[in-house]
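Q: Can you keep this structure in mind? I'll have questions shortly.
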Amino acid sequence: MRAEQKDASVCLCDPNASALQFPRGYRLTHKQQFDRVLTLRSFQARSGCFRVFASANELSVARLGLIVGKRQLKRAVDRNRVKRVLRETFRVQRARLPALDIVVQLIESPHHERFRIEANSLWPLLLDTIGKENGQRPR
């Protein structure tokens, strides 16, 4: 019976779904990677309860790191929800972002009504900041 359940739970993913996955290559995974972005701070912006730091990387893809501390959200459920929403918005916008290492930090407790709106507004704000720094108009 378990084998039948296991076979039934396996789904065939369509090739277009890979654009919405979040594999390890798109994440900042080591302290040194976070420290590099936070030290260089080539680009920084703030949107609501989030602060974004970014710096160019040598790769051809944008990578994301998240800082969501206990000071802002006491419950692990709430911290995980914030991280899940940020990863989701990053996956959707990833193709539009240049090769950057990006760290998003939660700096204050989010308001539930505006939380998703603020998370979605991070990426256009970052693109605008990059365009202004480079003296170009963003796409």
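The values are calculated or read from the model by the stated rules, or taken from the named source; none is laboratory data. Remember, it's a predicted structure, so these values are computed and weren't measured experimentally. In this analysis, Cβ positions are derived from the backbone assuming ideal geometry, glycine residues included, and neighbour counts consider all displayed protein chains.
Q: In the range 26-58, what residues are at negative phi and at pLDDT below 90?
A: Passing the criteria: only Ser47.
Q: Right, something else. Scan the range 59-78 residue by residue and report those that are within 19 Å of Lys31 (Cβ to Cβ) and touching a residue at least 24 places away in the same chain (Cβ under 8 Å).
A: Leu59, Arg63, Leu64, Gly65, Leu66, Ile67, Val68, Gly69
Q: Of all residues in the range 120-139 being among the small types (Gly, Ala, Ser) and modelled with pLDDT under 90, which is farthest from Arg51 (Cα to Cα)?
A: Gly135
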